[in-house]
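Trainee: Attaching a single structure in structure tokens format; questions to follow.
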């Protein structure tokens, strides 16, 4: 583990390779799994304020689900609020292209200038997951391994792009540029130690 600004960062964030490979997975992270995308209280408020702008980008079934059950719920095993799931486990905000690629209605609305909210930070940061305890102030950045992302790991290795490098924009969005620069310095230090061993 590496400590950056009092935050624990897993070594895997620096040593593992990753580039999303949508041609292979077709956005499987949007419709696989047992939980919706983690949401902070602030994000729930933001999405609520933009919901009327986002709904036109969603399918009729997604809009009906949101009307019936809301767009978020508490997941006990995740210990967090997250986006509501459809009966087939897809995120309620997921849309599909004609080629079968999953995409995000929230992000599509943002791309069209309807909102200034790109998408939940948990989605933007994936495959990083942040563990946080508000009471103790503990925060850790971990690399989440998921077999559906094997093609992304392979592409990252081919292009020699590490997890934190792939997630540069998301890391700067969530923390700041100085934090990312410290990650770069930590990576250089770890590389130098590896060369000596």
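Trainee: Which of (1) under 17 Å from residue 120 (Cα atoms); (2) in contact with a strand residue (DSSP E or B) (Cβ under 8 Å, 6 or more places away or on another chain); (3) touching a residue at least 24 places away in the same chain (Cβ under 8 Å) is the odd one out, the single condition residue 54 does not satisfy?
Mentor: Failing condition for residue 54: (2).
Trainee: Here is a follow-up. Answer with yes or no whether residue 25 is modelled with pLDDT under 95 and either on the phi < 0 side of the Ramachandran plot or surrounded by 17 or more Cβ atoms within 10 Å (Cβ to Cβ) (or both).
Mentor: Values: modelled with pLDDT under 95: yes; either on the phi < 0 side of the Ramachandran plot or surrounded by 17 or more Cβ atoms within 10 Å (Cβ to Cβ) (or both): yes.
In short, yes.
Trainee: Return the pairs, sorted by first residue and then second, in which the second residue is surrounded by fewer than 16 Cβ atoms within 10 Å (Cβ to Cβ), the first residue lies in the range 17-41 and is part of a helix (DSSP H, G or I), the beta carbons are less than 7 Å apart, and the residues are 6+ apart or on different chains.
Mentor: Short answer, once both residue conditions are applied: 22/101; 25/148; 28/148; 29/148.
Trainee: Give the range 58-74 a look and list any residue that's touching a strand residue (DSSP E or B) at 6+ places or on another chain (Cβ under 7 Å) and either crowded, with 17+ Cβ neighbours inside 10 Å or at positive phi (or both), or say none.
Mentor: Within the range 58-74, 58, 71, 72 qualify.
Trainee: How many residues does the range 144-172 contain that are surrounded by fewer than 19 Cβ atoms within 10 Å (Cβ to Cβ), in contact with a strand residue (DSSP E or B) (Cβ under 8 Å, 6 or more places away or on another chain) and not in a helix (DSSP H, G or I)?
Mentor: The qualifying residues number 3.
Trainee: Looking only at the range 67-81, count how many residues are within 17 Å of residue 120 (Cα to Cα) and not in a loop (DSSP other than H, G, I, E, B).
Mentor: Within the range 67-81, residues that are within 17 Å of residue 120 (Cα to Cα) and not in a loop (DSSP other than H, G, I, E, B) number 6.
Trainee: Let me ask something else about it. Of the conditions (1) in contact (Cβ under 8 Å) with a residue 12 or more places away in the chain; (2) farther than 18 Å from residue 43 by Cα, residue 174 clears all except one; give me its number.
Mentor: (2)
Trainee: Oh, and also: Within the range 79-101, track down each residue that is closer than 23 Å to residue 129 by Cβ, surrounded by 15 or more Cβ atoms within 10 Å (Cβ to Cβ) and within 18 Å of the chain's Cα centre (by Cα).
Mentor: If the condition is that a residue be closer than 23 Å to residue 129 by Cβ, surrounded by 15 or more Cβ atoms within 10 Å (Cβ to Cβ) and within 18 Å of the chain's Cα centre (by Cα), then 80, 81, 82, 83, 84, 85, 90, 91, 92, 93, 94 are the ones that fit.
The values are calculated or read from the model by the stated rules, or taken from the named source; none is laboratory data. In this text the structure is predicted, and so the values were computed from the model without any measurement. Every residue, glycine among them, receives a Cβ derived from its backbone with ideal geometry; neighbour counts consider all protein chains shown.
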